[in-house]
Amino acid sequence: MIDSTISSPGWMLAPMPAVYGLFRFIVPAADDALASILQMGALATAVYAAGLGLVQQDARRHFGCFLISQQALVVVGMMSRTPFGLTGALCLW
């Protein structure tokens, strides 16, 4: 029997609308303190997810950790609010 929850490619796109909402609504309104807190949280998430992905034996879990780590790096770049950070975040996205 085929697992229908994995056969759909829609699960790969789940973090992207959240990052778009963050870019559209939070980045313009965030002050420096909030941007710094979000950036440090996203950096910790990226490092933790990358480390967790290194030890996964299942390919699906490994790929899921990779996607979480990548989206967290996009958030780090967006929260830097510099031209280089925003360009890098949009290129990685």
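The values are calculated or read from the model by the stated rules, or taken from the named source; none is laboratory data. Keep in mind that this is a model prediction, so the values were computed, not measured. Reconstructed Cβ throughout: ideal geometry from the backbone, glycine too, with neighbour counts over all protein chains shown. Heavy atoms of the whole protein, side chains included, go into the accessibility calculation; ligands, DNA and RNA do not. Shrake-Rupley method; radii C 1.70, N 1.55, O 1.52, S 1.80 Å.
Scanning region 49-66 for residues that are open to solvent by less than 70 Å² (accessible area, probe 1.4 Å) and either closer than 18 Å to residue 16 by Cβ or of a type in the set (D, E, K, R) (or both) turns up 49, 58, 64, 65.
Screening residue 41 with (1) closer than 19 Å to residue 93 by Cα; (2) touching a helix residue (DSSP H, G or I) at 6+ places or on another chain (Cβ under 6 Å) gives one miss only, at (2). In region 72-90, the condition of being touching a residue at least 12 places away in the same chain (Cβ under 8 Å) and loosely packed, with under 12 Cβ neighbours inside 10 Å is met by no residue.
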